[in-house]
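What follows is a short report on a single structure.
Since every read-out is calculated from the coordinates, none of them should be taken as a lab result. Since the model is a prediction, treat every value here as computed from it, not as a measurement. Using ideal geometry, Cβ is built from the backbone for each residue, glycine included, and neighbour counts are taken over all protein chains shown.
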Amino acid sequence: MTISTKLQQFFQSIKEVPAQIINYISSGAARIFAPKDDDYPATGVQPFEGDIPDEKEN
């Protein structure tokens, strides 16, 4: 490889790094602010059906 080819590759990588960083951050932000895609059932509030102890044991 000649020096000019190495310099061209170096300058090309300098151009690509900011674009890759911006793409990485924007894809994360897009995932955070995207509509929810979880398929949980809409159950609502569930009543408590447990037994409450009479007194605490010392």
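For the chain, the convex hull drawn through the C-alpha positions has a volume of 250 cubic angstrom per residue. Spin-label pair I22-V45: with each label point 7 Å from Cα along the Cα-Cβ axis, the two points sit 4.8 nm from one another.
The alpha-carbon of K15 sits under 16 angstrom from the alpha-carbons of these lysines, leaving out residues fewer than 8 places away in its chain: K6.
About the centre of its Cα atoms, the chain shows a dipole size close to 1100 debye [charges on the beta carbon of Lys, Arg (+1) and Asp, Glu (-1) only; nearest 20 debye].
Take the alpha carbon atoms of the range 18-58, find their center, do the same for the range 1-15, and report the distance between the two centers in whole angstrom. Result: 47 Å between the Cα centres.
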